[in-house]
1. Look through the stretch 360-370, keep the residues that are over 23 Å from the mean Cα position of the chain (by Cα) and in a strand (DSSP E or B), and return whichever of them is surrounded by the most Cβ atoms within 10 Å (Cβ to Cβ).
2. Does the stretch 6-13 contain any residue that is free of Cβ contacts under 8 Å to residues at least 40 places away in the same chain, more than 30 Å from residue 253 (Cα to Cα) and surrounded by fewer than 20 Cβ atoms within 10 Å (Cβ to Cβ)?
3. What residue, of 295, 342, is of a type in the set (Val, Ile, Thr) and more than 26 Å from residue 464 (Cα to Cα)?
4. Conditions first: (1) modelled with pLDDT of 95 or more; (2) buried (at least 21 other Cβ atoms within 10 Å of the Cβ). Residue 474 passes all but one, so which condition is the exception?
5. Within the stretch 147-191, which residues are at pLDDT 95 or above, surrounded by fewer than 17 Cβ atoms within 10 Å (Cβ to Cβ) and among the basic types (Lys, Arg)?
6. For the stretch 114-144, give me the residue count where each residue is under 12 Å from residue 95 (Cβ atoms) and either charged (D, E, K, R) or in a loop (DSSP other than H, G, I, E, B) (or both).
7. Kindly indicate which of 394, 449, 402 is of a type outside the set (A, V, I, L, M), surrounded by 14 or more Cβ atoms within 10 Å (Cβ to Cβ) and farther than 18 Å from residue 508 by Cα.
8. Checking residue 128 against (1) over 29 Å from residue 501 (Cβ atoms); (2) surrounded by 14 or more Cβ atoms within 10 Å (Cβ to Cβ): exactly one of these is not met. Which one?
Amino acid sequence: MTNTGYATMSVASILAETAKRMPENVALIFGEQKITYAELWDQTLAYAGALRARGIGPGDAVALLVPNVPDFPRAYYAILSLGAVVVPVHALLKADEIAYVLRDSGSRLLICAAPLLGEGAKGAAIAGIETLSVLVPDEMLAQAPFARLEDEARAADPIDSYVPRNPFDTATILYTSGTTGKPKGAEGCHFSLVEQVNTLSGDAFDVTPEDRILGCLPLFHTFGQTCVMNLGFRIGSAIVLVPKFDGATALSLLNAHQCTIMTGVPTMYIALLEAAKSNPERPPLRYGMSGGAAIPVAVIERMKEVYGIDIHEGYGLTETSPVATFNHRGRPTRVGTVGQPIWGVDVEIADAEIDDRIELLPRGELGEIIVRGHNLMKGYLHLPEANAEAVVDGWFRTGDLGTKSDDDYVTIVDRKKDMIVRNGYNVYPREVEEVLSTHPAVAMVAVFGVSDATRGQEIVAAVTLMPGQTVDPSDLVAFAQEQVAAYKYPRRVEILEVLPLGPSGKVLKRELVARFDTA
């Protein structure tokens, strides 16, 4: 074992330090509650005391199945402050999927919120571990007969402070919604997670202790966890928690709490634009941040018109903690790009056809986006083959195709595996999606390939419409045909009520392919 020296670090310090420096600042706004940093840290130490009394200690994995309510940060930092590992579970998983995550991560315990106990407790039972509940009211105890973390926290002695860890010890295991096979557990270490918020707060984002951030991204996902919760707490901002997102609720919360920053995925901005039509009041937003999936240029332009703000787009993955590039504060935002690499992180373009080594391509050429720096995960838990495939010559291969300009702005063209080959020509769905998203009737669009006996693949677009709009699919085909080359336009347009979405707002194209690929 190499000697890593004597440095220590903990993600729990993010909350502990702010509670010390700005105890009276509001950390969380939830419904009528306002919780200060001092209160939140005291509650966290009490939760940690209860977990310690159950034998949870350094290196133990504890799973967390909790929506965007104050119990998420309380339990998250309580687990980390014991030197244990937090395993956030996606709130929409079913019992068998939850059991897989619990078993694979070696979780000792599941902390589950009352509304999610149906699947959560069942999953824990399948995995053979105990469920500890939060938010179960007294009158529900008969139906949900689990020990309540709140009760145990009142009875236990709170811990004094967080346990210092080696910077490279695992802090979180986040399961990536695998496009193929079982989800993989990406291990994040204390160093990468702390360095990520320090880099973002010092350099890339413009966030102050006076800011109020709308916390509508799910906290179980890397984007909400790092770019809203950890970042907001590092700086001392207030986070307005939104347990279930819809446009009208979000706009009324933005107004009621005078939010200054919005962080979301493209679908959320589309919903805010829709909500603005029936609610004339506008919040004092300074800017918005978008990630998780490509935001159409048309949406950025409409946000500027309707809300008067610039949307700063960034890019990253669970495996990159998550931010790798961003349209930095104080530099011109370049619409249609995901900005420049963050401080201390290298982002380059490599030949996508070569698997066993990294061959860098010149500026402007299209290839696979690769990343190295302080933000890389430790690896996928128990998956040496997946690690060897993902990290080559020290670079993480993202599976995304893109280009890099002379002044370092990165443009994402598409996922490597989403590229369509029609009649021998490469078609990048993103380009066609950008065109269709400018049609006034279209809300969201996903372009994908289905198998075709004569052409190899044929191009299909699935769209959802703006409320109150109707359009004939053949008109959308013609609209695209006018603006892109003949081999690129979709031959079929399917109008759907909703598109299947993953936790970060990405459209699950494999589900669309499965549904419409009849060959």
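1. Checking each candidate, the answer is 367.
2. yes
3. 342
4. (2) is the only condition that residue 474 fails.
5. 154
6. 2
7. Of the residues listed, the single one that is of a type outside the set (A, V, I, L, M), surrounded by 14 or more Cβ atoms within 10 Å (Cβ to Cβ) and farther than 18 Å from residue 508 by Cα is 402.
8. (2)
The values are calculated or read from the model by the stated rules, or taken from the named source; none is laboratory data. Quick caveat: nothing in here was measured; it's all calculated off a predicted structure. Because the Cβ atoms are built from the backbone with ideal geometry, glycine has one as well, and the counts that use them run over all protein chains shown.
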